[in-house]
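**Student:** Sharing a structure here in structure tokens format.
The values are calculated or read from the model by the stated rules, or taken from the named source; none is laboratory data. Predicted, not measured: the structure shown is a model, and the values here were computed from it. Every residue, glycine as well, gets a Cβ built from its backbone with ideal geometry; the counts of neighbours run over all protein chains shown. Remember, those area values only see protein heavy atoms, side chains included, never the ligands or the DNA or RNA. Shrake-Rupley method; radii C 1.70, N 1.55, O 1.52, S 1.80 Å.
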Amino acid sequence: MKGSIESTPLGRVRRWGGALAAVVLVAGVVATASVASAATAGSGLSSSVLSSSVPGPKHSGVAQSGPIGGSPVPTVMPGPAAGGEGAPGSPAVPAPGPAPAPASADGAPQAALPGWLHTDGGTIVTAGGSPYVIKAVSWFGLETGNCAPHGLWSISLDAGLAQIAGWGFNTIRLPYSNECLASPASSSVNAYANPTLASLTPLQLMDAFVQRAKAYGLNVILDRHRPGSEAQSELWYTDRFPESTWISDWQMLAQRYAGEPSVIGFDLHNEPRGSACWGCGDPAVDWQAAATRAGDAVLAVNPELLIIVEGVEKQNDGSYTWWGGGLADAGSDPVTLSVPDRVVYSPHDYPASIYPQEWFTSPDYPANLPAFWDSQWGYLAKEGIAPVLVGEFGSKLQTDGDRAWFENIVAYLAGSGMSFSYWSFNPNSGDTGGLVQDDWTTPQAEKIAALSPLIGSGTAVTAPAPATGVPLPAPSPVPGTGAPATPTPSGSPGSSGTPWLKPTERIGGTAGPGAPGPRAPGATATPGATASPGAGPSTGTARPGTPGGGAGAGSASLSAVWALQSEWENGYVTEISVTNAGASSGWSISWPDAGATSVVSAWGMDCSVASGVVTCRGAQWAAFVAPGQTVTAGVQVASTTSPGTPDFTLTAR
């Protein structure tokens with residue numbers, strides 16, 4: 001799956017909300033202006049697409065009633081969203097050093113990390129030979145146009161990690177894109193909740209994620225989910241990102257984390273599909289051969305890593321299955337690497353709500369599922385060929401058929417002792433939803449209970465209080481004006497002007513855009529749609545209002561950039577950057593949204609919804625804008641409609 005949308009498994013498509021939209025207004029003037037966004041170049045490769053009759057996945061973070069699974073849901077309440085995560089600073093390029101010994105807020109030690117792992121037949125084992133089951137969940141976003149894990153606009157990194165560890169997971173699968181690895185900045189990181197993260201590059205943000213995950217007893221699997229941030233690709237390379245880039249970036253990451261055994265494995269490429277084949281001998285499309293090349297290159301840098309290899313969509317007998325799901329041929333034609341005992345196979349599997357595969361209509365469904373899984377990938381572990389980590393599975397649990405599938409795959413994994421990674425923590429996965437609701441904190445109780453045979457009943461883990469910097473100090477007067485200064489949190493978005501903007505796409509749950517899953521033999525693959533830039537600037541009405549400050553303050557001259565960061569079925573996130581070319585001033589902004597129902601969270605603003613209008617007033621560090629300064633704030637709105645590129649009203653106060 002892909003998140004925000006992310007990709008979804010098996011022919012699934014994860015979608016992010018529409019492209020980033022930017023709107024510019026200047027106080028006192030009605031104006032239009034173009035806001036440049038990073039160009040997105042389309043891949044020269046086609047995406048396999050199913051019949052146009054297949055509906056696109058939809059997002060909902062809420063599971064239906066009718067619980068499955070029998071264990072109670074642990075109450076895990078992370079610390080306040082404003083809690084800082086204590087991430088490291090901004091190192092240049094060196095690999096991150098070891099983190100301090102982890103401990104929970106109440107002083108209890110966190111789960112011990114296993115250290116480097118390897119394989120022994122069909123089992124993953126520690127250096128001492130003890131079996132180890134990877135119990136992972138994906139947290140996507142670092143592969144999207146935001147180049148940051150999603151949800152950091154609402155919660156602190158620590159709060160999310162504490163919740164995941166408290167449920168009983170021991171690993172996070174962290175999707176990324178090659179484009180984000182080279183990007184100079186991320187977006188949609190709430191500087192109030194995450195003061196040490198907002199100014200980091202995406203690669204430094206990955207470093208911080210690894211270190212904070214380790215503090216909660218969580219391993220990390222890095223997942224090359226996309227080449228470019230705009231969409232998944234069916235092959236491991238594109239015109240923009242050739243195989244050489246794919247391999248060199250993996251080698252760079254292997255070197256960067258060579259001293260960090262909590263980074264246990266590399267998922268080489270997410271959901272090979274379309275023309276990708278297994279052992280066919282054509283180097284342009286032979287995924288088994290490509291995985292061998294990349295795996296050997298990685299192990300030449302760090303021979304301790306697990307090399308995680310997904311399957312293909314079309315198998316050698318002509319049958320079709322989920323994107324990344326076909327491993328029926330791996331037993332007779334395995335990936336053989338220069339360093340033994342490193343390969344872990346990783347199929348993706350989803351229910352009928354993602355795509356109506358033929359096995360879901362069998363008269364003996366769901367009793368037919370275990371034998372089907374055995375034939376496709378389960379045999380690899382059961383026959384001692386290699387371990388299996390089911391790299392993605394998930395559902396909204398809104399139908400009886402999905403619940404039957406969920407119960408059966410959980411029982412299959414629990415009974416076999418196979419490793420797994422659930423898709424996803426994020427609520428904004430379009431076709432599966434996530435493990436939390438749209439507020440990014442309230443657990444999806446039915447899902448957590450249904451997963452209990454795999455993760456246990458959980459233990460409450462609380463995010464630690466920040467060492468320094470949160471809450472932010474109150475504004476102090478600016479000499480000579482009486483206007484409050486604007487305290488800038490450590491790591492807040494830069495005050496140098498327009499934030500770095502990139503188009504995003506809607507995130508569903510599985511692989512790229514378009515209908516995933518099998519195609520009829522000979523069907524023409526349709527290039528996957530990529531996210532397009534926003535519709536361009538829209539016009540709002542700006543008015544000066546009452547300038548902030550005391551006597552002699554003069555007139556404020558405000559302009560703003562309204563930038564849509566993420567959008568899904570139940571809401572959206574937008575960031576607003578306000579620049580002042582005049583005297584110090586407070587500010588407010590409003591825009592129409594007929595579908596808006598409430599404000600989920602806001603940072604740098606106090607926001608409300610009334611009569612189809614969202615209104616936000618600068619607060620916290622963004623309460624006042626000093627002359628020549630730019631402040632950036634954000635809000636997550638619960639809404640049933642897309643905001644598009646709205647006309648907004650900016651007011652100096």
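**Student:** Return the residues of the range 603-628 that are within 17 Å of R653 (Cβ to Cβ) and among the small types (G, A, S); say none if nothing qualifies.
**Tutor:** G604, S608, G618, A619, A622, A623, A626
**Student:** Residue pairs, Cβ under 7 Å, 6 or more apart or interchain, first in the range 310-324 and farther than 19 Å from L222 by Cα, second open to solvent by 30 Å² or more (accessible area, probe 1.4 Å) and of a type in the set (A, V, I, L, M). List them.
**Tutor:** Q315/A328
**Student:** What residue, among those in the range 380-390 that are farther than 24 Å from S138 by Cβ and of a type outside the set (K, R), is most open to solvent (accessible area, probe 1.4 Å)?
**Tutor:** Going through the qualifying residues, I end up with E383.
**Student:** Looking only at the range 130-143, which residues are open to solvent by less than 10 Å² (accessible area, probe 1.4 Å) and either part of a loop (DSSP other than H, G, I, E, B) or without any contact (Cβ under 8 Å) to a residue 12 or more places away in the chain (or both)?
**Tutor:** Taking the range 130-143 as the starting set, the residues that turn out to be open to solvent by less than 10 Å² (accessible area, probe 1.4 Å) are 134, 136-143.
Answer for the range 130-143, where residues must be open to solvent by less than 10 Å² (accessible area, probe 1.4 Å) and either part of a loop (DSSP other than H, G, I, E, B) or without any contact (Cβ under 8 Å) to a residue 12 or more places away in the chain (or both): I134, W139, F140, G141, L142, E143.
**Student:** Return yes or no: is A127 small (G, A, S) and surrounded by fewer than 24 Cβ atoms within 10 Å (Cβ to Cβ)? Spell out how you get there, then give the answer.
**Tutor:** Numbers: small (G, A, S): yes; surrounded by fewer than 24 Cβ atoms within 10 Å (Cβ to Cβ): yes.
Here the answer is yes, as A127 does meet what is asked.
**Student:** Okay, next question. Residues being β-branched (V, I, T) and in a helix (DSSP H, G or I): count how many of those fall in the range 158-197. Working first, answer last.
**Tutor:** Of all residues in the range 158-197, those β-branched (V, I, T) come to 164, 171-172, 189, 196.
Within this subset, residues satisfying the condition of being in a helix (DSSP H, G or I) are 164.
Qualifying residue count for the region: 1.
**Student:** Only one of W405, W377, W359 is open to solvent by 20 Å² or more (accessible area, probe 1.4 Å), in contact (Cβ under 8 Å) with a residue 12 or more places away in the chain and not aliphatic (A, V, I, L, M). Can you tell me which?
**Tutor:** On the way: W405 fails: open to solvent by 20 Å² or more (accessible area, probe 1.4 Å); W377 fails: open to solvent by 20 Å² or more (accessible area, probe 1.4 Å).
Result of the check over W405, W377, W359: W359.
**Student:** While we're here: Which one of N170, N178, N146 is in contact with a strand residue (DSSP E or B) (Cβ under 9 Å, 6 or more places away or on another chain), polar (S, T, N, Q), open to solvent by 10 Å² or more (accessible area, probe 1.4 Å) and in contact (Cβ under 8 Å) with a residue 12 or more places away in the chain? Lay out the reasoning, then the answer.
**Tutor:** On the way: N178 fails: open to solvent by 10 Å² or more (accessible area, probe 1.4 Å); N146 fails: open to solvent by 10 Å² or more (accessible area, probe 1.4 Å).
N170 is the lone residue from the list that is in contact with a strand residue (DSSP E or B) (Cβ under 9 Å, 6 or more places away or on another chain), polar (S, T, N, Q), open to solvent by 10 Å² or more (accessible area, probe 1.4 Å) and in contact (Cβ under 8 Å) with a residue 12 or more places away in the chain.
**Student:** Looking at the range 229-247 only, could you name the residues that are surrounded by 22 or more Cβ atoms within 10 Å (Cβ to Cβ) and in contact with a Phe, Trp or Tyr (Cβ under 7 Å, 6 or more places away or on another chain)?
**Tutor:** Answer for the range 229-247, where residues must be surrounded by 22 or more Cβ atoms within 10 Å (Cβ to Cβ) and in contact with a Phe, Trp or Tyr (Cβ under 7 Å, 6 or more places away or on another chain): W236, W246.
**Student:** For the range 248-264, give me the residue count where each residue is of a type in the set (D, E) and touching a Phe, Trp or Tyr at 6+ places or on another chain (Cβ under 9 Å).
**Tutor:** Step one: list which residues in the range 248-264 are of a type in the set (D, E), which gives 249, 260.
With touching a Phe, Trp or Tyr at 6+ places or on another chain (Cβ under 9 Å) added as a condition, the list becomes 249.
Summing the residues that are of a type in the set (D, E) and touching a Phe, Trp or Tyr at 6+ places or on another chain (Cβ under 9 Å) in the range 248-264 gives 1.
**Student:** Does any residue of the range 548-555 turn out to be open to solvent by less than 40 Å² (accessible area, probe 1.4 Å), touching a Pro at 6+ places or on another chain (Cβ under 6 Å) and either at pLDDT below 85 or over 29 Å from T432 (Cα atoms) (or both)?
**Tutor:** Yes: the range 548-555 contains one or more residues that are open to solvent by less than 40 Å² (accessible area, probe 1.4 Å), touching a Pro at 6+ places or on another chain (Cβ under 6 Å) and either at pLDDT below 85 or over 29 Å from T432 (Cα atoms) (or both).
**Student:** Take L205 and tell me if it is assigned to a loop (DSSP other than H, G, I, E, B), open to solvent by less than 10 Å² (accessible area, probe 1.4 Å) and more than 24 Å from A449 (Cα to Cα).
**Tutor:** On the way: assigned to a loop (DSSP other than H, G, I, E, B): no; open to solvent by less than 10 Å² (accessible area, probe 1.4 Å): yes; more than 24 Å from A449 (Cα to Cα): yes.
Against the criterion (assigned to a loop (DSSP other than H, G, I, E, B), open to solvent by less than 10 Å² (accessible area, probe 1.4 Å) and more than 24 Å from A449 (Cα to Cα)), L205 does not qualify.
**Student:** Against the condition among the hydrophobic types (A, V, I, L, M, F, W, C) and within 15 Å of G571 (Cα to Cα), how does V637 come out, does it pass? Explain how you work it out, then say what you get.
**Tutor:** Values: among the hydrophobic types (A, V, I, L, M, F, W, C): yes; within 15 Å of G571 (Cα to Cα): yes.
Answer is yes for this residue.
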